[in-house]
Amino acid sequence: MKTQDGAQSEYELNKLKQRIAELEQELSLSQKELEQSRKEFQYAFEDPAIGMMRTSPEGHILAANAYVCRMMGYTEGELKQKHYKEITHPDDIDASVLSEHKILSRELRFDRLEKRYIKKNGEVVWILLSYSMLFDRHDRPMYYVCHLQDITERKKIEQDLQASEKRFALFMDNLPGAASIMDHDGRYIYVNEFLLNHCVNDHPDGILGLTDQDLYPPDYSRQYEKNSDLTKSEGRPVTFVETIPGGNTAPGSSNTPDSGREEYWLTCRFPILLKDNPPLLGCVRLDTSDLIRAKQKLKLKEKELEKHAESLNEANTALKVLLDHREQEKIQLEQNMFANLKKLVSPYLEKLENKPLDRTQKAFLEIARSNLDSITSPLAAKLLSWEARLTPTEFDIADLIRHGKSTDAISELLNISSTTVAFHRRNIRLKLGLKNRKINLMTHLRSIS
């Protein structure tokens, strides 16, 4: 028979064996889970969609997957011979060391940073690095687990965008006019340096978030709101000539301008359409006050010149009337002179010619007759030149026409038919250069007689 102590020892032994079996089963299960985890880690490590590396606490590369090798241009064996600083861009080493220190000091469990690696061919590649340190059960660092993603293309896009934004800012800030963008509520969300400087006296904190109602007097802000609404309804750029308070008052002031003179701005308002978002409103203004005032002055000058031209025309008309009058007086004077010479001098010369004269007296008479002819012949040629072109009958008819006689009256006085009178009238007009001209024959004959 077993003693009580032996039975107790056998019971404890069986219990111990059972516990050992349970532990062996748990160990086997743990080994399987560990193997599964190792396989999963290996699968993840070898994932071609993301780069993975393991590095020692001192920074030596322990392993690298195909993504990293392909990205860097090295084989895994070549990478294992390098320290991470050897492939890090010199300008990014300090940031990497600082991050490493934070991980080792447990200040951070993991860290993420953008840095540059230098590929085998010397090219630079931007990466997004996420990594953490694995510690053993004694809390000693084992190795870093690093996840890498090539973000070179993204960085290029960002740099291009930054360069584009810089060019845009430089362009806008050097624009010789005001430029702004407003949201759908009419609030300023962008203003260039020009507009900002114009408003700095009244709004030292800037005008972002404000509206035209906050910046300008009511009459002006209503004008701008109306133009903005028209631009939105048209859905295209629309150009206006807008006025803003002038004088010493800046565009942001609500006070009355000191000089009372408005400024004229050529303004282009245009919608900025955004997908799935309310449209914005862009605005560019150029100061055209000097140009418009110059045009206004030019118009005033043109009106003054027009008035001056009218005065000159009136003066020319008056001068022409005066000259015509003087010409008529001159003609009348010549006619009187010719008539007087013929009446007062010629008869006496003719009487002397009929008297017995000695040789000397005849010589003097011939000289006097010759001088008189020299004086009167130009006058006679001028005054009677039209008469010389007419036949005796035409001359008689012209003289009667000049005295206001009608065709029937002339027919009766000269005892010829009316048809003959009409025929001679046509010849007279032809010889005097009046054919096909709307000039009264009687008036013309009186003017040249």
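Within the range 308-338, count every residue that is basic (Lys, Arg) and modelled with pLDDT of 85 or more.
0
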Go through the range 111-126 and give me each residue that's within 16 Å of Thr55 (Cα to Cα) and exposed (fewer than 13 other Cβ atoms within 10 Å of the Cβ). Arg112
Condition test on Ala178, is it under 23 Å from the mean Cα position of the chain (by Cα), at pLDDT 90 or above, within 21 Å of Leu280 (Cβ to Cβ) and among the aliphatic types (A, V, I, L, M)? yes
Just one of the numbered conditions (1) in the same structural domain as Thr55 (by TED's automatic domain parsing); (2) among the hydrophobic types (A, V, I, L, M, F, W, C); (3) within 47 Å of the chain's Cα centre (by Cα) is not true of Leu148; which one? (3)
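From the list Glu76, Glu100, Glu46, Glu26, exactly one residue is at pLDDT below 95 and loosely packed, with under 11 Cβ neighbours inside 10 Å. Which is it?
Only one candidate passes the filter, namely Glu26.
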For the condition over 44 Å from the mean Cα position of the chain (by Cα) and either outside the structural domain of Met53 (by TED's automatic domain parsing) or within 30 Å of Thr75 (Cβ to Cβ) (or both), what is the one hit in Ser96, Ser164? Ser96
Looking at Lys115, Lys85, Lys120, can you tell me which residue is of a type outside the set (Phe, Trp, Tyr), assigned to a helix (DSSP H, G or I) and modelled with pLDDT of 90 or more? Lys85
Residue in the range 195-216 that is in contact with an Asp or Glu (Cβ under 6 Å, 6 or more places away or on another chain), at pLDDT below 90 and assigned to a helix (DSSP H, G or I) present: no
In the range 137-171, what residues are touching a Phe, Trp or Tyr at 6+ places or on another chain (Cβ under 8 Å), of a type outside the set (D, E, K, R) and either exposed (fewer than 11 other Cβ atoms within 10 Å of the Cβ) or assigned to a helix (DSSP H, G or I) (or both)? Thr152
Inspect the range 263-283 for any residue being in contact with a strand residue (DSSP E or B) (Cβ under 8 Å, 6 or more places away or on another chain), surrounded by 15 or more Cβ atoms within 10 Å (Cβ to Cβ) and at pLDDT below 85 and give the result as yes or no. no
Close pairs from the range 357-371: first under 21 Å from Leu344 (Cβ atoms), partner acidic (Asp, Glu) and surrounded by 10 or more Cβ atoms within 10 Å (Cβ to Cβ), Cβ under 9 Å, at least 6 apart: Leu365/Glu353; Arg369/Glu353
Across (1) modelled with pLDDT under 90; (2) within 25 Å of Cys146 (Cβ to Cβ); (3) loosely packed, with under 13 Cβ neighbours inside 10 Å, Asp91 clears everything bar (1)
What pairs come out if I take residues in the range 100-121 that are within 14 Å of Pro141 (Cα to Cα) and pair them with residues that are outside any loop (DSSP other than H, G, I, E, B) and among the acidic types (Asp, Glu) whose C-beta lies under 9 Å away, six or more apart or interchain? Glu100/Asp111; Lys102/Asp111; Ile103/Asp111
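The values are calculated or read from the model by the stated rules, or taken from the named source; none is laboratory data. Remember, it's a predicted structure, so these values are computed and weren't measured experimentally. We place every Cβ from the backbone using ideal geometry, glycine too, and count neighbours over all the protein chains shown.
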